[in-house]
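The values are calculated or read from the model by the stated rules, or taken from the named source; none is laboratory data. Note that the coordinates shown come from a computational prediction; the quantities given were computed from them, not determined experimentally. All Cβ positions, even for glycine, are placed from backbone atoms using ideal geometry, and neighbour counts span all protein chains on display.
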Amino acid sequence: MNKLILAAAIASTMGFNSHGFAAGPIDGTIYGKVNVSVVNADNGTTDTWKLNSNASRLGVKGKTEIADGLYAVYKAEFEMCVDDGDCKGQTFTQRNIMGGIKGSFGTVWAGKHDSPTKLAQNKIDLFNDLEGDIKNTFEGENRVSNIVAYSSPKMNGFSTTVAMIPGEGTDIDGDGQDDTGLTDGISYSLSYSQGNLYIAVAGDQDVDNQDLMRIVAQYNIDALKLGVMYQQNEDNLGTKDESGFFVSAAYKLDKKTTLKAQYGSIEDDADGDEEQTMSLGADYKLAKGTKLYVFYTDHTDSSVGEADKEDTAFGLGMEHKF
């Protein structure tokens, strides 16, 4: 972490532009965002106001040409907790960190990173990092350690990423036995992107004790952006067998204001339990990298033979990217 801080200090001292360093020891981009919100959360028992830091982060990423058409690529990204400065007992916690080689053949990379399945979601989650985040309802939103992956170049709109996750002697699939192979866990995605259309098929095998498959689509129609996802997943112990869907819509009223809505539902065929999530909100753009937002989220957890559990949240916030 001291090296990251030192790199930023050197860049500032030498007058480098953080969005395009000259070739040399520092040849990347320092980036990040601050996202804070004041939220009222009500779970039916307690009604609390709180200040949240929503995945605020600081990172450096870039590439260095090591031969003609061949590059070393890297990223080191850390979460910073703007609300109380405590990220699980630390000032910074690790997010996506990777290194690899990129050429005309694609990119071979390794590290701790969002899985191909998570990345295939693209941006259909319009309330990402907030109380309505899709990860609060659906499996598959994993940042995985020890990833070894290959990402293809885009060809005729198609691209693919395949990642292997070695168990390194841990029980990665939850079957009670330690796993020691290179492909103890696998995550993949195949996507097509052309114009206003995006489609992806993705899946996990033995990742976070789940076997999972999802289909994602997104389409822009003038000022309207629509997203949909269908997902099936089951755990390795046979105690969870879920299927569900997720839909979202964003509409630009003008250059500054965007209205947003999304809904998701998933049901466990093993026990009949069901979860539903609904979020409504609006963004107001102050500048290129700065926006104000407001949102309301309702999450309902229904278990057979029990009363429904309902959590609601209302919030106002600001996001600034740099």
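When residues in region 184-228 are screened for being more than 16 Å from I134 (Cβ to Cβ), outside any strand (DSSP E or B) and not aliphatic (A, V, I, L, M), 5 of them pass. Screening the candidates V201, V247, V216, V228 for the property of being in contact with a Leu (Cβ under 6 Å, 6 or more places away or on another chain) and either surrounded by fewer than 18 Cβ atoms within 10 Å (Cβ to Cβ) or modelled with pLDDT of 95 or more (or both) yields one hit, V201. What number of residues within region 147-170 are buried (at least 17 other Cβ atoms within 10 Å of the Cβ) and under 22 Å from T93 (Cα atoms)? Residues flagged as buried (at least 17 other Cβ atoms within 10 Å of the Cβ) and under 22 Å from T93 (Cα atoms) within region 147-170 amount to 2.
The single condition among (1) within 22 Å of I221 (Cβ to Cβ); (2) buried (at least 16 other Cβ atoms within 10 Å of the Cβ) that K291 does not satisfy is (1). Exactly one residue out of Y219, Y263 is within 30 Å of Y31 (Cβ to Cβ) and of a type outside the set (S, T, N, Q), and it is Y219. Looking across region 304-322, the residues that are touching a strand residue (DSSP E or B) at 6+ places or on another chain (Cβ under 8 Å) and more than 14 Å from K33 (Cβ to Cβ) come down to D308, K309, E310, D311, T312, A313, F314, G315, L316. For region 143-174, the tally of residues that are of a type outside the set (S, T, Y), touching a residue at least 24 places away in the same chain (Cβ under 8 Å) and closer than 21 Å to Q218 by Cα stands at 4.
Residue pairs whose Cβ atoms lie under 8 Å apart, sitting 6 or more positions apart in sequence or on different chains, and linking a residue in region 30-53 that is free of Cβ contacts under 8 Å to residues at least 60 places away in the same chain and under 19 Å from E319 (Cβ atoms) to a partner that is among the small types (G, A, S) and in a strand (DSSP E or B), are I30/G59; K50/A41; L51/S37. For the structure I just gave you, tell me whether A249 is more than 25 Å from V34 (Cβ to Cβ) and without any contact (Cβ under 8 Å) to a residue 12 or more places away in the chain. Spelling it out, it is not the case that A249 is more than 25 Å from V34 (Cβ to Cβ) and without any contact (Cβ under 8 Å) to a residue 12 or more places away in the chain. Test A287 against the criterion of being out of contact with any Gly (no Cβ under 6 Å at 6 or more places or on another chain) and more than 16 Å from V38 (Cα to Cα), and give yes or no. Here the answer is yes, as A287 does meet what is asked. Just one of the listed residues (E242, E267, E234, E306) is acidic (D, E) and touching a Gly at 6+ places or on another chain (Cβ under 9 Å), and it is E267. Out of all the residues in region 256-266, which are of a type in the set (D, E, K, R) and either crowded, with 17+ Cβ neighbours inside 10 Å or touching a Leu at 6+ places or on another chain (Cβ under 6 Å) (or both)? Listed by number, the list holds a single entry, K260. Of everything in region 129-139 that is closer than 23 Å to G281 by Cβ and touching a residue at least 60 places away in the same chain (Cβ under 8 Å), the residue that is surrounded by the most Cβ atoms within 10 Å (Cβ to Cβ) is G132.
Only residues that are surrounded by 17 or more Cβ atoms within 10 Å (Cβ to Cβ) and either aromatic (F, W, Y) or within 30 Å of W49 (Cα to Cα) (or both) were counted in region 105-119, giving 1.
Selection of region 276-322 for residues being acidic (D, E) and in a strand (DSSP E or B) yields D283, D298, D301, E310, D311, E319. Answer yes if at least one residue in region 223-240 is over 23 Å from the mean Cα position of the chain (by Cα), under 18 Å from S303 (Cα atoms) and hydroxyl-bearing (S, T, Y), and no otherwise. Checking region 223-240: at least one residue is over 23 Å from the mean Cα position of the chain (by Cα), under 18 Å from S303 (Cα atoms) and hydroxyl-bearing (S, T, Y). Considered as a group, the residues in region 253-276 that are modelled with pLDDT of 95 or more and of a type in the set (A, V, I, L, M) include one that is farthest from A307 (Cα to Cα), and that residue is L253.
Let's see how each residue does on (1) surrounded by 11 or more Cβ atoms within 10 Å (Cβ to Cβ); (2) at pLDDT below 95; (3) touching a Phe, Trp or Tyr at 6+ places or on another chain (Cβ under 8 Å):
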site: M1; (1), (2), (3): yes, yes, yes
site: S18; (1), (2), (3): yes, yes, yes
site: W49; (1), (2), (3): no, no, no
site: N52; (1), (2), (3): yes, no, no
site: F78; (1), (2), (3): yes, no, yes
site: D84; (1), (2), (3): no, yes, no
site: G99; (1), (2), (3): yes, no, yes
site: G103; (1), (2), (3): yes, no, yes
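Residues that are of a type in the set (G, A, S), more than 23 Å from R95 (Cα to Cα), at pLDDT 50 or above and exposed (fewer than 10 other Cβ atoms within 10 Å of the Cβ) do not occur anywhere in region 27-44.
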